[in-house]
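Student: Please read through the structure below; I'll follow up with questions.
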Amino acid sequence: MAQSGNGRDRDGEEGVGNGLPGLPERLAKVFSHPLRAQLLASLNEHPGSPQDLMDRLEAKGEERSLNLIAYHVRVLHRYNAIQLVDTEAVRGATKHIYAANRKMLIDGDDWLQLPDEAQIGICANAIGEAVERAQAALEQGTMQKDDPVIVNLRIDADDPAWELIRERVTAAWDEVEQLQPDAIERTPDPTKRFPVTVSLLAYKSPPPR
């Protein structure tokens, strides 16, 4: 990536290596700007358009221009951090609605390139997010409704079994993720849809004490 002498790239931003050493370029580009990370977190919670994102920020007392938000949305889309999930006709224009692309979250070669501290931080953030969502669902009384699926399982495995576990959890994630576009098409009125959280964790456990 070309950089000028002042440490900024062609987008006018700080060079991705300055704040996030050791990250692959694609991931560093996504997370190198705090507003971009904030927009990605918002789209991970609920799909939306650039206008929706601006409104959400304004509701928190944070004002950002629509042009600035639209620019960062384009960068997120370019680096496969978000995906277009719906369009709506609004006053003669087309509203593009995006959601966080879970497949973008780090796997394979990207993960292996991360330094240990980055891997630990990402895992801790993901687990923290899962716990926060579960806590909110308990407090607001939505978790226990409509027969939730709650499983916590520890098994003994070898290397081939671990690879199968990884493959099957990933396949389950892919299948669940594909349900959202179908739900949007089947039920276009967003007031008739509801948020569902699916948290999938598979990891090697420490030996029992």
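The values are calculated or read from the model by the stated rules, or taken from the named source; none is laboratory data. A quick note: this is a predicted structure, and the numbers were derived from the prediction, not measured. Every residue, glycine among them, receives a Cβ derived from its backbone with ideal geometry; neighbour counts consider all protein chains shown.
Student: For region 159-207, give me each residue that is of a type in the set (Lys, Arg), over 20 Å from Asp146 (Cβ atoms) and without any contact (Cβ under 8 Å) to a residue 12 or more places away in the chain.
Tutor: Kept after step one, since they are of a type in the set (Lys, Arg), are these residues of region 159-207: 166, 168, 186, 192-193, 204.
Then drop every residue that is not over 20 Å from Asp146 (Cβ atoms), which leaves 166, 168, 204.
Once the filter is applied, which keeps residues that are of a type in the set (Lys, Arg), over 20 Å from Asp146 (Cβ atoms) and without any contact (Cβ under 8 Å) to a residue 12 or more places away in the chain, region 159-207 yields only Arg168.
Student: Follow-up question, since we're still on this one. For Leu43, all conditions in the list (1) modelled with pLDDT of 50 or more; (2) in contact with a strand residue (DSSP E or B) (Cβ under 7 Å, 6 or more places away or on another chain); (3) at positive phi hold save one; what is the number of the exception?
Tutor: That leaves (3) as the condition not met.
Student: Cβ-Cβ distance below 8 Å, separation of 6 or more or different chains: which pairs start in region 58-75 with a residue that is under 17 Å from Ala37 (Cβ atoms) and free of Cβ contacts under 8 Å to residues at least 40 places away in the same chain and end on one that is surrounded by 12 or more Cβ atoms within 10 Å (Cβ to Cβ) and aromatic (Phe, Trp, Tyr)?
Tutor: Pairs found: Val73/Tyr98.
Student: Just name the residue that is farthest from Val169 (Cα to Cα) out of those in region 180-202 that are in contact with a helix residue (DSSP H, G or I) (Cβ under 9 Å, 6 or more places away or on another chain) and part of a helix (DSSP H, G or I).
Tutor: In this case the residue turns out to be Pro190.
Student: From (1) assigned to a helix (DSSP H, G or I); (2) surrounded by 10 or more Cβ atoms within 10 Å (Cβ to Cβ), pick out the condition that doesn't hold for Glu175.
Tutor: (2)
Student: Also, I was wondering about something else. Just one of (1) of a type in the set (Lys, Arg); (2) in a helix (DSSP H, G or I); (3) farther than 25 Å from Ser205 by Cα trips up Arg168, so point out which.
Tutor: Going through the list (1) of a type in the set (Lys, Arg); (2) in a helix (DSSP H, G or I); (3) farther than 25 Å from Ser205 by Cα, Arg168 breaks only (3).
Student: Report yes if Pro50 is surrounded by 17 or more Cβ atoms within 10 Å (Cβ to Cβ), at pLDDT 50 or above and not basic (Lys, Arg), otherwise no.
Tutor: Working: surrounded by 17 or more Cβ atoms within 10 Å (Cβ to Cβ): yes; at pLDDT 50 or above: yes; not basic (Lys, Arg): yes.
Criteria met by Pro50.
Student: Then there's this: For region 140-158, which positions are free of Cβ contacts under 8 Å to residues at least 12 places away in the same chain and either over 29 Å from Phe194 (Cα atoms) or hydrophobic (A, V, I, L, M, F, W, C) (or both)?
Tutor: To start, the set of residues in region 140-158 that are free of Cβ contacts under 8 Å to residues at least 12 places away in the same chain comprises 140-153, 155-158.
Selection gives Met143, Val149, Ile150, Val151, Leu153, Ile155, Asp156, Ala157, Asp158.
Student: In addition: Of everything in region 108-149, what is at pLDDT 90 or above and either exposed (fewer than 10 other Cβ atoms within 10 Å of the Cβ) or under 15 Å from the mean Cα position of the chain (by Cα) (or both)? Give them in sequence order.
Tutor: Hits for region 108-149 are Glu139, Gln140, Gly141, Val149.
Student: Determine if region 61-77 includes at least one residue that is outside the structural domain of Ala171 (by TED's automatic domain parsing), modelled with pLDDT under 90 and either among the hydroxyl-bearing types (Ser, Thr, Tyr) or out of contact with any strand residue (DSSP E or B) (no Cβ under 7 Å at 6 or more places or on another chain) (or both).
Tutor: Looking for residues that are outside the structural domain of Ala171 (by TED's automatic domain parsing), modelled with pLDDT under 90 and either among the hydroxyl-bearing types (Ser, Thr, Tyr) or out of contact with any strand residue (DSSP E or B) (no Cβ under 7 Å at 6 or more places or on another chain) (or both), one finds none in region 61-77, hence no.
Student: Please work out if Thr191 is under 30 Å from His72 (Cα atoms) and at pLDDT below 90. Show your work before the answer.
Tutor: Values: under 30 Å from His72 (Cα atoms): yes; at pLDDT below 90: yes.
Yes; evaluated as a whole, the condition is true for this residue.
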